[in-house]
Amino acid sequence: KKKVSFASPYPGKIIAIDLTHFNGKFICQKDAFLCAAKGVSVGIEFSKKLGRGLFGGEGFIMQKLEGDGMAFMHAGGTIAKKELQAGETLKVDTGCIVGFSQTINYDIEFIGGIKNTVFGGEGLFFASLQGPGTVYIQSLPFSRLAGRIVASLPRGGSSKGEGSLLGGIGDLLDGDNRF
């Protein structure tokens, strides 16, 4: 036996799934797949509805994991595993989906209203996931994390004054005489 190690591309959590528990197929967000054991193939899963592709953004092109081995997905923030019963529906932001079993009925819905259009935050569309089946969701998709990092960067070459005491000493030695 040999061992292999792998790491996530950005801060988050790794989710291990055994495809034999999902009848050999699992659908995941296009940037969620991390790696898989021999015997697992990775393909593209297209939405069956054209409207999803035009308006759904992240939810249109998904990855399908097929086979009989272990697969690993990566997600950001808090991860929740939901077991939906037959007919039970979960509505989430499209970017918050990590993956779901093939038994889930997946659709994208427009969130109407002017308030949602102006103040909606991540977008104007929700994913509607209807059971039975398993769904993994994340609280901090990479696109949202990247947006928050960019928004917190200093603008105009000035520092926000954040950092440790050592950072302040470094600024002083570097000729920054703000003290």
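Name the single residue that is surrounded by the fewest Cβ atoms within 10 Å (Cβ to Cβ) among those in region 1-40 being out of contact with any Gly (no Cβ under 7 Å at 6 or more places or on another chain) and among the aliphatic types (A, V, I, L, M). Per the criteria, the residue is VAL4.
For region 29-44, the candidate set comprises residues that are assigned to a strand (DSSP E or B) and without any contact (Cβ under 8 Å) to a residue 40 or more places away in the chain; within that set, the residue that is nearest to ALA7 (Cα to Cα) is CYS35. Would you say GLU122 is surrounded by fewer than 20 Cβ atoms within 10 Å (Cβ to Cβ), touching a helix residue (DSSP H, G or I) at 6+ places or on another chain (Cβ under 7 Å), among the acidic types (Asp, Glu) and modelled with pLDDT under 95? Against the criterion (surrounded by fewer than 20 Cβ atoms within 10 Å (Cβ to Cβ), touching a helix residue (DSSP H, G or I) at 6+ places or on another chain (Cβ under 7 Å), among the acidic types (Asp, Glu) and modelled with pLDDT under 95), GLU122 qualifies. A Cβ distance below 9 Å, combined with a sequence gap of six or more or placement on separate chains, defines the contacts here; from region 13-28, residues that are in contact (Cβ under 8 Å) with a residue 24 or more places away in the chain reach residues that are among the basic types (Lys, Arg) in the pairs ILE15/LYS81; LEU19/LYS25; LYS25/LYS64; PHE26/LYS64; ILE27/LYS64; CYS28/LYS64.
The values are calculated or read from the model by the stated rules, or taken from the named source; none is laboratory data. Worth saying up front: this structure is predicted, and the values here are computed from it rather than measured. Don't worry about glycine lacking a Cβ; one is built from the backbone with ideal geometry, like all the others, and counts go over all protein chains shown.
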